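A.B. asks: The structure is given below, and queries will be raised subsequently.
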Amino acid sequence: MYDPKKPRILVALGGRSSERSVSIESGKAVALALEKLGYPSGILDTGTGRLMQSPELEALEKDPKKLSPSFTFPLIDMKRHFELVFVCLHGRYGEDGGFQSLLEEIEMPYTGSTATSSAAGLNKKFSKIIFETYGVSTPPFQIISKPSEKMRLKYPVVVKPVAQGSSIGISICENEADYAVGIKNALTYDREAIVEPYIEGREITVTVLENKDGGAKALPIVEIIPKTKFFDFNAKYDPETREEVPAKNISPAMQKQIEDIAIKAHKALDCRHYSRVDIIIDKNNKIQVLEVNTLPGLTPNSLTPKAALAAKFSFENFIDHLVKIALN
């Protein structure tokens, strides 16, 4: 039952990126949690401009390629009807800061990082430059804008689009033939691709959560153990991918180092409220940051809710915490 004394919240989901279906699942989970918490709420599909309630989510088209090529936001005064926007957008048209810019223009409070931080987080070129500037350990990289451009790194390498989330368009390349295919694939998603050395090691991720006074702490470390060689988009949502929460066989000293570097990366990008920092630990126990997700997935299979649960946050309590710090 809704509590009329609680602020009205608009859940923004969907969008038009390649991660539209995941965004819908994140938004659905958040909308249901808000209902359980008693918040009056509505839902906005930013990909179609449609306002709705949670039962209508089942009828949404999840494939962005099937959406109409033109769309508009509903002609409503968000500030008159809602007090906060809970942003559940992934990839372009939301996680890149575009939607946040609109909200900032009308001075509408929202969850997650600012437009500037979001843009820097999604764009791997910008985030790597920022990491290097602030002394956050990260693998070396090269930016490639066309397939004919010479790649200077030694094989094996990882090739990614510069500004895509959820491991979209990523390839591991063992040789020139692999690279020729991988770079063309990456450049179908973006104008630029980023190439990094392939580092064999432990893949971990750390959710950084802020409190009301802006201080940040790391939630329990998650280790990702995919059945495939790489934690790509399919592996992320494959039930056979294992996650250990909290990660095992990490010494207290190593845990402290991991937590510190995750918080340092969060602060380097000037993230807000929460983020998820993806890290690789190589065979020599060197800790390196791969990227920062400024709007982590919040689906039932997502890593951030699992880390929150390991920290004794129920999903509803975690969502309530984000609402309160965003309104604060």
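A.B. asks: If I model a spin label at residue 227 and residue 267 as a point 7 Å from the Cα along the Cα→Cβ vector, what separation in nanometres do I get?
C.D. replies: The two pseudo-label positions are separated by 4.2 nm.
A.B. asks: In nm, give the distance between the simple-model label positions of residue 59 and residue 133, each being 7 Å from the Cα along the Cα-to-Cβ direction.
C.D. replies: Here the modelled spin labels are 4.8 nm apart.
A.B. asks: Restricting the count to DSSP beta bridges whose residues both fall in the chain, what percent are antiparallel, rounded to a multiple of 5?
C.D. replies: Working: 38 of 48 bridges.
Among the beta bridges of the chain, antiparallel pairing accounts for roughly 80 percent.
A.B. asks: While we're looking at this one, here's another question. Using a Förster distance of 22 Å, how high is the FRET efficiency between residue 217 and residue 107, based on the Cβ-Cβ distance and rounded to 0.05? Don't skip to the answer; put the middle values down first.
C.D. replies: Details: r = 29 Å, r/R0 = 1.31.
About 0.15, to the nearest 0.05.
A.B. asks: On to the next question. In degrees from 0 to 90, rounded to the nearest 10, what is the angle of the helix 20-37 Cα long axis to the longest principal axis of the chain?
C.D. replies: Its long axis makes an angle of about 40 degrees.
A.B. asks: Please go through the residue pairs 65/306; 28/267; 248/306 and name each one whose alpha carbons sit more than 19 Å apart in this structure.
C.D. replies: Values: 65/306 31 Å; 28/267 29 Å; 248/306 15 Å.
Long pairs (Cα-Cα over 19 Å): 65/306; 28/267.
A.B. asks: Normalised by the residues of the chain, what does the relative contact order come to in percent, with Cα pairs under 8 Å and at least six apart?
C.D. replies: Values: 693 pairs, mean separation 61.1, N = 328.
Here the relative contact order equals 19 percent.
A.B. asks: Still on this structure, I have one more. Counting only DSSP beta bridges with both residues in the stretch 142-197, tell me the antiparallel percent, nearest 5.
C.D. replies: Looking only at bridges with both residues in the stretch 142-197, the antiparallel portion is about 100 percent.
A.B. asks: So, one more: To test your reading of the geometry: what angle, between 0 and 90 degrees and rounded to tens, separates the Cα axis of helix 252-268 from the longest principal axis of the chain?
C.D. replies: 70
A.B. asks: Then there's this: Express in nm, to one decimal, how much length is gained between residue 143 and residue 242 on full extension, taking 0.36 nm for each residue of separation and deducting their alpha carbon distance.
C.D. replies: Values: separation 99, 0.36 × 99 = 35.64 nm, distance 3.18 nm.
Between residue 143 and residue 242, full extension yields 32.5 nm more.
A.B. asks: Is the shape of the stretch 142-197 best called rounded, prolate or oblate, per the rule: a/c under 1.5 gives rounded, else a/b larger than b/c gives prolate, else oblate, with a ≥ b ≥ c the square roots of the Cα gyration tensor eigenvalues?
C.D. replies: Values: a/c = 1.59, a/b = 1.32, b/c = 1.20.
Here the stretch 142-197 falls in the prolate category.
A.B. asks: Additional query: Taking a ≥ b ≥ c as the square roots of the eigenvalues of the Cα gyration tensor of the stretch 8-67, is the shape rounded (a/c under 1.5), prolate (a/b larger than b/c) or oblate?
C.D. replies: On the way: a/c = 2.27, a/b = 1.96, b/c = 1.16.
Since a/c reaches 1.5 and a/b is larger than b/c, the shape of the stretch 8-67 is classed as prolate.
A.B. asks: Kindly identify the stretch 9-110 as rounded, prolate or oblate by the Cα gyration tensor criterion: order the square roots of the eigenvalues as a ≥ b ≥ c, call it rounded if a/c is under 1.5, otherwise compare a/b with b/c, prolate if a/b is larger, else oblate.
C.D. replies: Working: a/c = 1.56, a/b = 1.13, b/c = 1.37.
Oblate shape, in that a/c is at least 1.5 and b/c is the bigger or equal ratio.
A.B. asks: Of the peptides 276-283, 260-267, 202-209, 19-26, how do they stack up when ordered by the mean number of other Cβ atoms within 10 Å, highest first?
C.D. replies: Numbers: 276-283: 19.6, 260-267: 21.5, 202-209: 23.4, 19-26: 25.2.
Ranking, from highest mean packing down: 19-26, 202-209, 260-267, 276-283.
A.B. asks: Taking only Cα atoms and a 10 Å spring cutoff, compute GNM fluctuations for the chain and point out the largest among 167, 117, 148.
C.D. replies: 148
A.B. asks: Something else: Which parts of the stretch 183-201 would a label at residue 176 reach, counting a residue when its backbone N lies under 20 Å from a point 7 Å out along Cα-to-Cβ?
C.D. replies: Residues 183-186, 195-198 qualify, since their backbone N sits under 20 Å from the label point.
A.B. asks: Arranged from highest to lowest average of other beta-carbon atoms within 10 Å per residue, in what order do the peptides 91-100, 216-225, 77-86 appear?
C.D. replies: Going from most to least packed, we get 91-100, 216-225, 77-86.
A.B. asks: Explain nothing, just the number: relative contact order of the stretch 9-110, from Cα pairs under 8 Å at least 6 residues apart, as a whole percent.
C.D. replies: Numbers: 164 pairs, mean separation 37.5, N = 102.
Computed over the stretch 9-110, the figure is 37 percent.
A.B. asks: Could I have the simple spin-label model distance between residue 324 and residue 188, label points 7 Å from Cα toward Cβ, reported in nm to one decimal?
C.D. replies: 4.7
A.B. asks: Okay, moving on. For the chain, modelled as a GNM with alpha-carbon contacts under 10 angstrom, which of 253, 12, 29 fluctuates the most?
C.D. replies: Taking springs between Cα atoms under 10 Å, the residue moving most is 253.
A.B. asks: Assuming 0.36 nm per residue, please report the length gained on full extension of the stretch residue 125 to residue 309 beyond their Cα-Cα distance.
C.D. replies: On the way: separation 184, 0.36 × 184 = 66.24 nm, distance 3.24 nm.
Going from the current span to full extension adds 63.0 nm.
A.B. asks: How high is the relative contact order of the stretch 142-197, given as a whole-number percent (alpha carbon pairs under 8 Å, six or more residues apart)? Could the numbers behind the result be given before it?
C.D. replies: On the way: 105 pairs, mean separation 26.6, N = 56.
Over the stretch 142-197, the number comes to 47 percent.
A.B. asks: Expected output is a single nm value to one decimal: the length gained when fully extending between residue 152 and residue 51, i.e. 0.36 nm times separation in residues minus the C-alpha distance. What is it?
C.D. replies: Details: separation 101, 0.36 × 101 = 36.36 nm, distance 4.90 nm.
Going from the current span to full extension adds 31.5 nm.
A.B. asks: Once the Cα atoms of helix 124-133 and of the chain are each reduced to a long axis, what angle between those two axes, in degrees from 0 to 90 to the nearest 10, is obtained?
C.D. replies: With both axes taken from Cα atoms, the answer is about 70 degrees.
A.B. asks: Using a Förster radius of 22 Å, what is the FRET efficiency between residue 36 and residue 254 based on their Cβ-Cβ separation? Nearest 0.05, please. Write out the running numbers ahead of the final one.
C.D. replies: Working: r = 37 Å, r/R0 = 1.69.
My answer for the efficiency is 0.05.
Throughout, read-outs are computed from the coordinates displayed, never taken from laboratory work. Because the structure is a prediction, the values reported are computed rather than measured. Neighbour counts run over all protein chains shown; Cβ positions are idealised from the backbone, glycine included.
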